[in-house]
Amino acid sequence: MEELLRKILFDERISSLVNDKIYLLKAPNNTIAPYIEYEILNEEGSLFAENEEIETNYRIQIDVFTKGSYASIVKVIKNVMKENDFIKEFGGSVYEENPKLFHYILRFNYESEE
């Protein structure tokens, strides 16, 4: 799943908006915004046959950090994730007082056959 997410997030439409600053779990210290962090929040079996997991549900979080508006980045991420069969579960924003960045949080679900 990490490889699939990386491939999707490095789609030119997304990566060009953040100068390829897309990181699994945590951006390096002092990374200059805009940038993206992503992680797998949960992986659980969703369909079983004869005690074997045949479908897995993944819950993914994508965090967008900017110094100004994140709207264009978020819109492109939503579109690209939808094209790749991810279902948006949640979206919301916060302001990170230190380091003074806007932070938009996106969560998606994805069903995968084993």
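None of the figures in this text is laboratory data; all of them are computed from the coordinates on show. In this text, all values refer to a predicted model and were calculated from it rather than measured experimentally. We place every Cβ from the backbone using ideal geometry, glycine too, and count neighbours over all the protein chains shown.
Being touching a residue at least 60 places away in the same chain (Cβ under 8 Å), surrounded by 11 or more Cβ atoms within 10 Å (Cβ to Cβ) and either in a helix (DSSP H, G or I) or under 12 Å from the mean Cα position of the chain (by Cα) (or both) narrows it down to one residue among I105, I73, I77; which is it? Steps first, answer last, please.
On the way: I105 fails: touching a residue at least 60 places away in the same chain (Cβ under 8 Å); I73 fails: touching a residue at least 60 places away in the same chain (Cβ under 8 Å).
On inspection, the qualifying residue turns out to be I77.
So for the range 70-79 (the condition being of a type in the set (D, E, K, R) and closer than 14 Å to I8 by Cα), does at least one residue qualify?
Quick first cut of the range 70-79, residues of a type in the set (D, E, K, R) only: 75, 78.
Remaining after also requiring closer than 14 Å to I8 by Cα: 78.
Yes, there is a match, as at least one residue in the range 70-79 is of a type in the set (D, E, K, R) and closer than 14 Å to I8 by Cα.
Do you know which residues across the range 84-102 are among the charged types (D, E, K, R) and either touching a His at 6+ places or on another chain (Cβ under 7 Å) or in a loop (DSSP other than H, G, I, E, B) (or both)? Show your work before the answer.
Pass one, the range 84-102, residues among the charged types (D, E, K, R): 85, 88-89, 96-97, 100.
Hits for the range 84-102 are D85, E96, E97, K100.
Of these, K7, K21, K67, K88, which one is basic (K, R), free of Cβ contacts under 8 Å to residues at least 60 places away in the same chain and exposed (fewer than 12 other Cβ atoms within 10 Å of the Cβ)? Write out each step before concluding.
Values: K21 fails: exposed (fewer than 12 other Cβ atoms within 10 Å of the Cβ); K67 fails: exposed (fewer than 12 other Cβ atoms within 10 Å of the Cβ); K88 fails: exposed (fewer than 12 other Cβ atoms within 10 Å of the Cβ).
Among K7, K21, K67, K88, only K7 is basic (K, R), free of Cβ contacts under 8 Å to residues at least 60 places away in the same chain and exposed (fewer than 12 other Cβ atoms within 10 Å of the Cβ).
Which one is farthest from K100 (Cα to Cα), of the residues in the range 1-23 that are assigned to a helix (DSSP H, G or I) and in contact with a helix residue (DSSP H, G or I) (Cβ under 9 Å, 6 or more places away or on another chain)?
I8
I'm checking my understanding of the structure. Among residues of the range 24-55 that are in a strand (DSSP E or B) and small (G, A, S), which one is surrounded by the fewest Cβ atoms within 10 Å (Cβ to Cβ)?
A49
If I ask for residues that are of a type in the set (S, T, N, Q) and closer than 21 Å to Y110 by Cα, which ones from the range 16-55 would you list?
Within the range 16-55, N42, S46 meet the criteria.
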